[in-house]
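The values are calculated or read from the model by the stated rules, or taken from the named source; none is laboratory data. It should be emphasised that the depicted structure is a prediction, and the values quoted were computed from it without experimental measurement. Note that each Cβ is placed from the backbone with ideal geometry, even for glycine, and that neighbours are counted across all protein chains shown. Accessible surface is based on the protein model in full, side chains and every heavy atom, while ligands, DNA and RNA are left aside. Shrake-Rupley method; radii C 1.70, N 1.55, O 1.52, S 1.80 Å.
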Number of protein chains: 2
Amino acid sequence: MVSAMRNASPPTGRTGRPRSAAADAAILAATRDALVELGWSKLTMGDVSTRAGVAKTTLYRRWAGKNELVVDAVAELFDSLELPDRGSLEADIEDVVLQFAALLRRPEARTALMAVVAESTRDEALRDRIRSAIVDRQKRLVVLGRERAQARGELPYEEDEELACRTTDLIFDVIAGTVVHRALVSSEPVDELWVATFTALLMHGLQGPAPA
Amino acid sequence: MVSAMRNASPPTGRTGRPRSAAADAAILAATRDALVELGWSKLTMGDVSTRAGVAKTTLYRRWAGKNELVVDAVAELFDSLELPDRGSLEADIEDVVLQFAALLRRPEARTALMAVVAESTRDEALRDRIRSAIVDRQKRLVVLGRERAQARGELPYEEDEELACRTTDLIFDVIAGTVVHRALVSSEPVDELWVATFTALLMHGLQGPAPA
DNA sequence: GGAGTTACGCTACGGCTCGTAGCGTAAGAG
DNA sequence: CTCTTACGCTACGAGCCGTAGCGTAACTCC
């Protein structure tokens, strides 16, 4: 869960009436519902508060605005991504790509992810929030998959710490970026045939020698 | 230029006062300026009309709304992408990736591209507009690069028409998607070192045998 | 040169959303 | 029981939206 990265301010004081956790859940769920029905541009704070059965002021007490609210609402969706050990690097990649594609088929995820990234181009704080709430969460899967592949002997161990880190970042961007682009920009289906083709290309790329 | 895909309706009749081409240019330029200064969410039609020195009603006579206007305003930026023949497939790829990265460093391109894609997830017409105005324009470069590589003997000629088309689409999504993801989601620099590493990975991937 | 047609600028408008302020009440901590 | 904080509700000025209506400007065809 995401409760570690709180939205605004339970200042650290512990006296007084505590914030309603139920309200938090209701708001985030209502936000996702509203995203499905209205999309990003037509989603309003007032509408969300009505759906959640909370006062509009309560929303503003916890989130600075639409951007922050939606990031948190969507971040939870990425918790569902997992990396079951399917025995080979190729199978692991195909599995996680298909999971990611399924996630991007959900309208609230499609809409919100792109919209929030768009806003983050002008908002440093939002960028950080996306990194910790979404990017890092996905990147863990890449790290895990890589370790497994190394344990299996499919990929070489990398001495240089910093180079290994760059490689991980590269693979992550290739996988996530390609799938997102295919699904949302090109608007083409991410089906099993495509995934197999893409994975094959990626596998050959990874077999190649380490670059300078 | 983009004049082929007109915005709204010069119905086909030829009598009466013609639309001001200067106004068109001024509006699109003003839109880009406003995107740089305000970003997507704070950009308003009224503000654009003021900057362009036209009446707000003129904007609505030509574009249905913010989405359509911004697509056209940004599409022009993609005209600058070219594919000079640098002698090898690897060099060609590196060149176009660096160009694309430079384009994505422009704030109006960063912001608008993602925002428009986000809106397009709920708008079929907008999706088509993006495909014809932006996607197809980039994909031509991939087709051209592939043909050159085949002429050089770097890539095999593909008998199957349909498979060749799928491969082209895949390469396009890998290149564009990865670069966009690196630049906008991961928020890491697309520098020459990274481009070289990425290109090396892609080259090895392309050397592999054609998939089933 | 006049008639017909279309684009433009300007003004004004109802409707909606925003984000905040103020108040009285509810819910835990000590 | 008191203190502190969260909550619900109402009301508000401000800003933007998208459209309608009008008079004027530009261009074509007769």
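A few points about this structure:
- Residues within region B:26-48 that are more than 14 Å from chain A (Cβ to nearest Cβ) and within 11 Å of DNA strand C (Cβ to nearest atom), tallied: 3
- Scanning region B:156-168 for residues that are surrounded by fewer than 18 Cβ atoms within 10 Å (Cβ to Cβ) and not in a loop (DSSP other than H, G, I, E, B) yields a count of 7.
- Selection within region A:141-155 - surrounded by fewer than 16 Cβ atoms within 10 Å (Cβ to Cβ) and either within 14 Å of another protein chain (Cβ to nearest Cβ) or touching a residue at least 12 places away in the same chain (Cβ under 8 Å) (or both): A:Val143, A:Leu144, A:Arg152
- Applying the criterion of at least 3 residues that are without any contact (Cβ under 8 Å) to a residue 24 or more places away in the chain and open to solvent by 10 Å² or more (accessible area, probe 1.4 Å) to the helices (runs of 4 or more DSSP H) found wholly in region B:73-130 leaves B:89-105, B:124-130.
- A:Gly153 passes every criterion in (1) under 15 Å from the mean Cα position of the chain (by Cα); (2) at positive phi apart from (1).
- If you go through region B:41-52 and pick out every residue that is within 21 Å of the chain's Cα centre (by Cα), modelled with pLDDT of 95 or more and not aliphatic (A, V, I, L, M), you end up with 0.
- Out of A:Ala176, A:Ala133, sole residue that is touching a residue at least 60 places away in the same chain (Cβ under 8 Å), open to solvent by less than 20 Å² (accessible area, probe 1.4 Å) and either more than 9 Å from chain B (Cβ to nearest Cβ) or among the polar types (S, T, N, Q) (or both): A:Ala133
- So A:Ser187, is it open to solvent by less than 70 Å² (accessible area, probe 1.4 Å), polar (S, T, N, Q) and in a helix (DSSP H, G or I): no
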